[in-house]
Every structure is written in structure tokens, then in C-alpha cells.
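Presented below is the structure to which this report refers.
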Amino acid sequence: MNEDKRLFEIALWSEDELLKMERAINRRHGNFQKAQYIKKEAYELMHDDEESQRKKGAALMEKMIKLFPEEHLATMAGHSCLGKYYRSIGEYDSALSHFEQVLKHNNASTSKYGMPEMQIALTIIMLEHEDKYNYAKSVLEKINPRTLFIKEHLKLYELMLAVLNGNGSPCEVREYYRQQQHVSF
């Protein structure tokens with residue numbers, strides 16, 4: 001691959017890792033297959049226990065989104081993963097930006113890509129950006145609570161709505177979210 005098509009930052013990857021990944025990608029035919037392969041590799045890295053690997057995964061996911069913006073399924077899943085990653089490391093503004101990309105593309109549908117409305121509201125509450133609470137509330141109110149079949153999702157929705165209505169504590173939301181991290185939000 002030429003320099004402008006390099007997939008990784010040299011500082012994050014060894015030359016051997018770069019060549020191996022680039023060869024694997026070049027064996028795939030079509031942008032759909034390439035984007036899916038990169039997304040899978042990035043996802044696995046982003047869920048590694050080592051932060052250095054997670055950082056590589058995030059960089060790879062960002063690159064996949066830039067290289068294949070027309071591959072909406074892969075890029076929206078990528079934005080969702082990046083939002084969760086950035087929130088997990090405390091970069092809430094970056095997280096919010098990625099979740100907003102998903103919501104923008106998703107047209108307010110909670111059925112795909114990690115429930116962007118819930119992710120946006122959760123990120124704003126974790127940030128304790130009270131100036132954005134009205135925005136979070138307007139986004140969260142687009143959800144029909146009857147579509148939240150998983151009881152943990154409904155409980156989180158109710159906790160967040162209470163905070164946004166001035167009847168709850170952001171600490172309650174954060175604590176509940178941390179306790180329920182095994183449940184995919």
C-alpha cells in the first residue's frame with residue numbers, strides 16, 4: 001500500500017504487523033469485504049485487556065471509517081465501538097461525537113448499532129454536562145420504552161430520564177451502568 005493508504009500509525013505498529021495486516025486486507029476483494037475484515041480485527045483489538053492493543057484497535061477502526069465511508073454497516077458499527085471506547089477512557093466529547101454519527105445515520109432508530117439514543121444520553125450524564133441535559137432528554141425521549149425488552153436497558157432508561165428531569169443523580173446512573181457492563185448497551 002502506498003503511504004497515504006497505510007492503515008496504521010507507524011508508532012503503534014511494527015513493520016511486520018503492518019505488512020501482515022496489509023497483505024491480509026489486499027487478499028480481500030471489494031470494499032465491503034475489506035471494511036468487514038478491518039472492523040473485525042479492530043473490534044478484537046479494542047476488547048483486549050492491554051491498553052496498547054485497545055489503542056491500536058481504535059486507530060484501526062478510525063482508519064476503516066476514513067477508508068470506507070460508503071460501507072455504512074461497518075462504519076456505523078465502528079462509530080458505535082469508538083464511542084464506547086472513548087467513553088471508557090474518559091474522552092466523553094469524542095465518544096459523544098461518534099454516537100451522534102450513529103444517530104445521524106440511524107435516523108433515531110434504537111434497533112441498530114448499539115442504541116445511539118441511550119449511548120448519547122448516558123455519555124452526557126456521565127460527563128455531567130448539565131447544559132446538554134435538554135439535548136440528552138430530547139434524544140432519549142425518541143425511544144419507545146416498550147421496545148426495551150431487556151430489563152437492564154429499561155432500568156437504565158428510567159434512571160437517565162430521572163436525572164434529566166431533575167429527580168435523580170448522575171452517580172446512580174454511573175454506578176448502575178458499571179454494575180451492568182456485562183449487558184450490552
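Residue check: is THR75 at pLDDT below 90, crowded, with 17+ Cβ neighbours inside 10 Å, more than 18 Å from GLN181 (Cα to Cα) and of a type in the set (Ser, Thr, Tyr)? No; evaluated as a whole, the condition is false for this residue. Being surrounded by fewer than 16 Cβ atoms within 10 Å (Cβ to Cβ) and either touching a Leu at 6+ places or on another chain (Cβ under 7 Å) or free of Cβ contacts under 8 Å to residues at least 12 places away in the same chain (or both) is the filter here, so list the residues in region 145-155 that pass it. Hits for region 145-155 are PRO145, ARG146, PHE149, LYS151, LEU154. One residue stands out among those in region 128-185 that are outside any loop (DSSP other than H, G, I, E, B) and among the small types (Gly, Ala, Ser): the one that is nearest to LEU96 (Cα to Cα), which is ALA136. Take MET21 and decide whether it is under 30 Å from ARG87 (Cβ atoms) and at pLDDT 90 or above. No: the conditions fail for MET21. Here ALA35 qualifies as touching a Phe, Trp or Tyr at 6+ places or on another chain (Cβ under 6 Å) and over 28 Å from MET126 (Cβ atoms).
The values are calculated or read from the model by the stated rules, or taken from the named source; none is laboratory data. Bear in mind that the values here come from a model prediction, so they are computed numbers and not experimental data. Because the Cβ atoms are built from the backbone with ideal geometry, glycine has one as well, and the counts that use them run over all protein chains shown.
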